[in-house]
Amino acid sequence: MTGYYTPPGGLPPQTALMTGRAVFTDAYCVIPKGCFSDIVTSNLPGWKNTRLWLIARPMSGFSETFSQYVMEVGPGGGADLPEPDPVAEGVIFVTGGEIWLSLDGKEHELGAGGYAYIPPGCDWRLHNGSDHPARFHWIRKLYEYAPGLTAPAAFVTSDQEVKPIAMPDTEGRWATTRFADPDDLRHDMHVNIVTFQPGGVIPFEETHVMEHGLYVLEGKAVYKLNQDWVEVEAGDFMWLRAYCPQACYAAGPGPFRYLLYKDVNRHAKLRGPGAFGR
Ligand SMILES: NC(=O)N[C@H](N)C(=O)O
């Protein structure tokens, strides 16, 4: 772990060359780090001294499940009512600085690598009491209640505390840090960190129902997205629609790591005549 990329802000200089790496297709999208300039930031109601890059949002109303924000909270900034939607759950992953997080009355301080799961309806607040900016990812999803299951409880952990689990037969070259218990079906989204050691690969085209957001925290790789091979590096974001084929080769001298969102553990939504009379 050598640190997590965070956008520096500002504008590229007038002498900058467009590199043409930004791509938006029906199956996937790549937002390279060069796109994180000051002019594409947003603000949010209720958030003080805060700006964000909103890098994923549901758009077609058909199959997209999540939104992802790269947040930058300045000194003294934050929110007492951060989440307006009572059914939204969230994950926070800190990439730089420190945040103060109150979850249902319990207070936590999170630094780089800090991770929090925030269930729907949680009473939470977030502030930056330091004199430098705090940066973190905020991933949001509408929680899908399932018969017999309640929503999970809030928890706080960190990249440093959770041991990555190697994928079978990879000699540890491909491993996943799983922050939520994969056997706990109350969770309908996982936000994990995937780590490849130099030369590590996904050796087949994964093609599955889960939608993905991948934010590259560290290193570089060549990623297969649908029919294209795309070079990616720390700071780049990829959005992959359900069933988008995916594979990769870790190409740099150090580990290649990304924060991975996926929707899990729920039925496919049926549509059309006969689906409970709808
Ligand atoms: N692109 C990925 O890293 N996919 C993961 N192996 C996953 O779906 O868990």
With the 8 Å Cα cutoff and a minimum separation of six or more residues, the stretch 1-43 has a relative contact order in percent of 41
Can you tell me the relative contact order of the chain? Whole percent, Cα pairs under 8 Å, sequence separation 6 or more.
18
Which of Gly74, Gly20, Gly113 moves most in a GNM of the chain, Cα contacts under 10 Å?
Gly20
Dipole magnitude of the stretch 23-263 about its Cα centre (Cβ charges: Lys, Arg +1; Asp, Glu -1), debye to nearest 20:
320
10 Å Cβ shell holding at most 10 others, DSSP loop, chymotrypsin sites (Phe, Trp or Tyr not before Pro): longest site-free stretch of the chain:
63-275
For the residues Thr176, Thr95, Thr15, what sequence is obtained by ranking on other C-beta atoms within 10 Å, fewest first?
Thr15, Thr176, Thr95
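Is the C-alpha gyration tensor of the stretch 21-73 telling us rounded, prolate or oblate? Criteria: a/c under 1.5 is rounded; beyond that, a/b larger than b/c is prolate, otherwise oblate.
oblate
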On average, how much area does the Cα convex hull of the stretch 1-50 cover when viewed from any direction, in nm²?
6.3
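Only sites in a loop by DSSP and with at most 10 other Cβ atoms within 10 Å count here; which trypsin sites (Lys or Arg not before Pro) in the stretch 171-277 make the cut? Intermediate values should be presented prior to the final figure.
Details: sites: Arg173, Arg178, Arg186, Lys220, Lys224, Arg241, Arg257, Lys262, Arg266, Lys269, Arg271; in loops: Arg173, Arg178, Arg186, Arg241, Arg266, Lys269, Arg271.
Listed in order of number, the matching sites are Lys269, Arg271.
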Which value, in Å to one decimal place, does the Kirkwood hydrodynamic radius take for the stretch 115-199 when every pair of different Cα atoms is included?
15.4
Show which aspartates and glutamates lie in cross-link reach of Lys224 when reach means a straight Cα distance below 19 angstrom and same-chain residues fewer than eight apart are skipped.
Asp26, Glu205, Glu206, Glu211, Glu233, Asp236
Between the residues His127, Trp138, His108, the Cα farthest towards the positive end of the dipole of the stretch 97-159, that dipole coming from +1 and -1 charges on the beta-carbon of Lys, Arg, Asp and Glu, is from Trp138
To one decimal place, what orientation-averaged projected area in nm² is obtained for the convex hull of the Cα set of the chain?
16.3
In the chain, once you exclude exposed GluC sites (Glu not before Pro) (DSSP loop, at most 14 other Cβ within 10 angstrom), what's the longest stretch remaining?
1-160
Would you please classify the overall shape of the stretch 42-158 from the alpha carbon gyration tensor, given that a ≥ b ≥ c denote the square roots of the eigenvalues, rounded means a/c under 1.5, and beyond that prolate means a/b larger than b/c while oblate covers the rest?
oblate
When the Cα centres of the stretch 175-213 and the stretch 156-171 are compared, how far apart do they sit, in Å?
11
For the stretch 81-222, what is the convex hull volume of the alpha-carbon atoms per residue, in Å³?
138
In units of 2.2 N^0.38 Å, what is the alpha-carbon radius of gyration of the stretch 166-228?
1.22
On the formula 1/(1 + (r/R0)^6), with r taken between the Cβ atoms of Asp131 and Thr41 and R0 of 22 Å, the FRET efficiency rounded to 0.05 is 0.55
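Just so you know, all these numbers are worked out from the coordinates, no wet-lab data involved. Everything quoted here is computed from the prediction, not taken from an experiment. Glycine also receives a Cβ, built like all others from the backbone with ideal geometry; neighbour counts cover every protein chain displayed.
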